[in-house]
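Peer 1: Please find one structure pasted underneath; my questions will follow.
Nothing in this text is a laboratory measurement; each read-out follows from the coordinates by a stated rule. These numbers were taken from a predicted model, which means no experiment stands behind them. Quick reminder, even Gly has a Cβ in these numbers, built from the backbone with ideal geometry, and neighbours come from all protein chains shown.
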Amino acid sequence: MWPVQKSPAVASRGSIATPTVVSVAVLFPLAAFGTVEAILHLKKYFGRTLRKLISIVDPVVPSAEVIADTLSSEIPIEDLEQHVQEEASNPVIDGAEKCIHWFDPNCKQKTPICVVFFHGWSACRQEGRPVIGRIAKHLQANLYCGRLPGHGRQGTTKPGWSSNSKMAPDGQALMNEAKPRELFMSALDSLRVGLSLGDRVVLAGISTGGALATWLASLLLSDHDGASEKEQKTLEPLREKIASLILISPAYALSHPLYPVLKHSFAAMRVLPGRLSHIARTKLIQAAIGAERNIPVVNDDHYRFSTLQYPSAALLHLLDVLYELEIVNHASITIPTLMIGNPQDPVVNFRVKATNAFLKFGDAPNKVLYCLTRGEHQHIMSCEYQSPSTVDEVTEVIRLFLNTNSLAPPPPETPYQDYEVTLENGQLDGKRYMIDLELERTNEDDNSAARRHSAGLGNFSSFPSFGELSRPLEF
């Protein structure tokens, strides 16, 4: 009888992996990786598709034609004060109204530079006091402080508060008037006023105002190849009129860990039929954060100039604006740009979103990121009634930045406001740091294209505990 011989495969079983086992061991992780990659590509595709659909169903950003029409002509100097006059039928808190500060009130004329200031959500121009006024004076410039729709509207007095606080802003006005389209158009009108007040314009904004200022800068500095002849004729000459961009705690994204989820959820519901969209979005945000926002009062001026109580559904307007501003072409911004913020900002995501947006700014002659890590308020650092200990430092940082870029007259012999900042070894005053970041370019075209991607290191901001997920929104 012939001896039975085992096949090589059987003989080696248990000591050498079979082709089937090897295939499974290799193919399974490859398949998992491919699935994840496919999901990410689908997410990116559906994200672009959703944006296009939203822009058709619920357009809020002005079209190139509307922008060109708005900026096509300057406002005559003699008509400017009438143009910014508030309507008597809709009274505004004293100190919150739109206002032109002439460099020389006795000779109201254009100045070489005009500063245009954009305040943030639920605030007014007072949140830039006194920094913005000091900077305009230093530049020997006219200053225009706009007012976002629905902000600073007169409300009712609060029992127990002093006469200095007078009337608190009306929260319902945020819901009724501060709609995304109106916010964008208000920013455009402020730019038009600024172009009428100065040969060149410095755009300065805090929080939401900083995001709108970024949008305006990108708007004028981007290529207009796809625009009509009329639009190109209007917008191209304005490119040289934007002198600089100053951003304080710009609101490119909120800091709350759930913001990315809420943002996409509320954005997706904008494609629903009008009334259904409004009801669904309102119910969802009320379920998430309550029916009304109640922000603690800090002092009389805070109560007087900030809208501290308003329907939570008004935040939908803000979320829609921030969603639209995510696709701003940061790479087009090639003017001197200063960004100031606190990495511990509880309101906006400065640590990740703002700093990465800064990195995607174009090859500006001088772009500066300044981190300030102290103060009574980690978000509003240029306001004397919110963070009085930081206003001098913020003023000096901006002044030094403007001097460096030859936008201001020679510095005075004595320190400005008895406060001096010295630049030594890359540090200001030995405590804060100023960084001039330039992206290394091996291939200019590839690098420029890379900076056009949305800013950020992923969708979620970091949080130390699950308790962070339930903390209230700061706005």
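Peer 1: Give me the distance in nm between label points sitting 7 Å out from Cα along the Cα-to-Cβ direction at Lys137 and Leu238, one decimal.
Peer 2: Placing both labels 7 Å along Cα→Cβ, they lie 3.1 nm apart.
Peer 1: Return the distance in nm (one decimal) between the two label points of a simple spin-label model at Arg275 and Asn329, each offset 7 Å from Cα along Cα→Cβ.
Peer 2: The modelled label-to-label distance comes out at 4.1 nm.
Peer 1: Can you sort Ser55, Ser89, Ser249, Ser196 from fewest to most other Cβ atoms within 10 Å of each residue's own Cβ?
Peer 2: So the residues, fewest neighbours to most, are Ser89, Ser55, Ser196, Ser249.
Peer 1: If you don't mind, there's one more thing I want to ask. Of the listed pairs Lys98/Lys283; Lys110/Lys233; Lys179/Lys263; Lys98/Lys233; Lys98/Lys263; Lys108/Lys179, which have alpha-carbon separations greater than 28 Å here?
Peer 2: Cα-Cα > 28 Å for Lys98/Lys283; Lys98/Lys233; Lys98/Lys263; Lys108/Lys179; rest within.
Peer 1: Here's another thing I want to ask about it. When the convex hull of the C-alpha atoms of segment 81-205 is computed, what volume per residue in Å³ does it have?
Peer 2: 115 Å³
Peer 1: If each of Ile77 and Lys283 carries a label point 7 Å out from its Cα toward its Cβ, how far apart are those two points in nm?
Peer 2: For the pair Ile77/Lys283, the computed spacing is 5.8 nm.
Peer 1: Give me the number: length gained by fully extending Thr70 to Glu376, i.e. 0.36 nm times residue separation minus the C-alpha to C-alpha distance, one decimal in nm.
Peer 2: 106.2 nm
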